[in-house]
Amino acid sequence: MKIPRNNFKHSLAKGEQQYGCWLGLCSALSAELCANTGYDWMLIDGEHAPNDLQTILSQLQAIESTPAQAVVRLPDGNPTLIKQYLDIGVQNLLIPMVESADQARELVRAVCYPPKGIRGVGTALARAARWNLVDNYFAEINNEFCLIVQIESVQGLKNLDAILEVDGIDAIFIGPADLAASLGHLGNPAHSQVKQAIYHAFSKIKAAGKPAGSLATTQVVAKDYEANGAQFIALSVDTLLLVHAAKNCLSHFKGEEGSDDNSSDGAY
C-alpha cells in the first residue's frame, strides 16, 4: 500500500493555481458536498470553528473520496496536538500566528520524525500509516506532506524574510483579517495599507520560490490577490455561502434587498 498522493503539494510545486473553500460547519456531509463541486482544496478550520479531532477525522475521510485535497488549520503549533492530527492522516497542515523563524523551525521539528524532528512514532495506531500497511512509510512521508505557516501580524511581516529561509516550510499563507487588526484596521482588510502589506508579502514569498496563499471572500478580492502573486486562494467560506443563500432566498418573499455575492464585512 502506498501513501495517498498529495496533489495539492505537487500542484503547488509545479506552479499551478489552486482554488479552495473554507469549511467551518464541522460536518462530514457538507465537507463532502463542497469537495465534490470542483475546488482543488478544502480548509478544515480547527482554529475558529468548533472542530475537534473526531470531527476533523470524519471530514478527512469524507474528502478523501473526492477530487479535492484537505488542508487542516490547527489553533496553534502545539507539538502534541500536531502529532495527533498527523497520525489521523493530515497531509496539509496550516499553523496560524507564526511570527518568527525560530517558531517556524520548531514547527518543522514538530512535523518530522527524529533525528530531524521530535514527532513521536506510533504507526501501529496511526491512520496516516494505515496501521503499518503503508510500504516505506518513513521514507515516503515527507514527499507527501505540506507544512504551511500563516503570517498575520506586523511582527510576522517584519520576520518574513527569515521565515522564508527556514528549510521545511512548503508555503506561506497571509491572514488578511488578523493582519488588518495588527495594522490598526480591525474589520477592514480592504484598507489600502493592509492590501499593500499583503501584496508586498506575496511578492517576497514568490521571489523566495515559495507558494503564497490567502483567503478572499469576494471575487474581486480573489482576482486581485491572484494578480498580485497568490497561488492558492480560498474563494469562499461554507458558513458565509449558507448565510447569504438563506438571506437571498428569503428576501424575494419579504421584499428586502438581497446580496448576490458571498462578501462579508471583512471579519472572516
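Please report, in debye to the nearest 20, how large the charge dipole of the range 7-239 is about its Cα centre when each Lys and Arg carries +1 at its beta carbon and each Asp and Glu carries -1 there. It would help to have the intermediate numbers written out before the result.
On the way: 16 positive and 24 negative charges, 61 e Å.
Computed about the Cα centre, the dipole is about 300 debye.
Could you go through the range 147-163 in sequence order and give the Karplus-derived ³J(HN,Hα) for each residue, using 6.51 cos²θ - 1.76 cosθ + 1.60 with θ = phi - 60°, rounded to whole Hz, and x for Gly and Pro?
Going residue by residue, I get 9, 10, 9, 9, 9, 8, 8, 4, 4, x, 5, 4, 9, 4, 4, 5, 5 Hz, with x marking Gly and Pro.
Size of the chain along its principal axes in angstrom, Cα-based, largest extent first?
Largest first, the chain extends 61, 41, 30 Å along its Cα principal axes.
Could you list the residues of the range 46-66 with an amide nitrogen less than 13 Å from a label point located 7 Å from the Cα of LEU242 in the Cα-to-C-beta direction?
Of the residues in the range 46-66, 49-51 have backbone N under 13 Å from the label point off LEU242.
If contacts are Cα pairs under 8 angstrom and at least 6 residues apart, what is the relative contact order of the chain in percent?
Details: 515 pairs, mean separation 48.1, N = 268.
Dividing the mean separation by the residue count of the chain yields 18 percent.
Using a basic spin-label model with each label point 7 Å from the Cα along Cα→Cβ, how many nm lie between GLN17 and ASN143?
For GLN17 paired with ASN143, the spin-label model returns 3.0 nm.
Give me log10 I(q)/I(0) at q = 0.11, 0.13, 0.19 Å⁻¹ for the range 81-213, Debye formula, one equal scatterer per alpha-carbon, no solvent.
-0.44, -0.59, -1.00
Report the extension gain between ILE88 and ALA124 in nm, rounded to one decimal, defined as 0.36 nm multiplied by the number of residues separating them, less their alpha carbon distance. If you can, show how the numbers build up before the last one.
On the way: separation 36, 0.36 × 36 = 12.96 nm, distance 1.17 nm.
Full extension from ILE88 to ALA124 adds 11.8 nm.
Set the Förster distance to 45 Å, then compute FRET efficiency between ARG109 and HIS252 from the Cβ-Cβ distance, nearest 0.05.
Numbers: r = 55 Å, r/R0 = 1.21.
Once rounded, the FRET efficiency stands at 0.25.
Using every alpha carbon pair in the range 70-113, what percent of pairs falls into each 5 Å bin from 0 up to the bin containing the largest distance?
5, 23, 38, 24, 9, 1
I want to verify the translational diffusion coefficient of the range 1-114 in µm²/s; compute it with Stokes-Einstein, Rh as the Kirkwood radius over Cα pairs, at 37 °C and 0.692 mPa s.
Details: Rh = 14.6 Å.
Answer from the Stokes-Einstein relation: 225 µm²/s.
Which helices pass in the chain if a helix is a full DSSP H run, must span at least 15 angstrom along its long axis by Cα, and must have mean Kyte-Doolittle hydropathy not below -0.5?
Helices meeting the criterion: 53-64, 101-111, 192-207, 238-254.
What length, rounded to one decimal in nm, is gained on full extension from ALA162 through to HIS200, with 0.36 nm per residue of separation minus their alpha-carbon distance?
Working: separation 38, 0.36 × 38 = 13.68 nm, distance 1.52 nm.
Full-extension gain reported as 12.2 nm.
Which residue, LEU74, ILE88, VAL121, has the largest displacement toward the positive end of the dipole of the chain when charges sit on each Cβ (Lys, Arg +1; Asp, Glu -1)?
Checking the options against the dipole of the chain, the answer is VAL121.
Compute the Rg/Rh shape ratio of the range 146-210: radius of gyration over Kirkwood radius, all on alpha-carbon atoms. Don't jump to the answer; show the numbers that get you there.
Working: Rg = 11.5 Å, Rh = 11.8 Å.
Checking Rg against Rh, the ratio lands at 0.97.
Coordinate-derived values only; no laboratory data. The shown structure was predicted, so the numbers you read here are calculated from the model rather than taken from an experiment. Glycine gets a Cβ as well: all are built from the backbone with ideal geometry, and neighbour counts include every protein chain shown.
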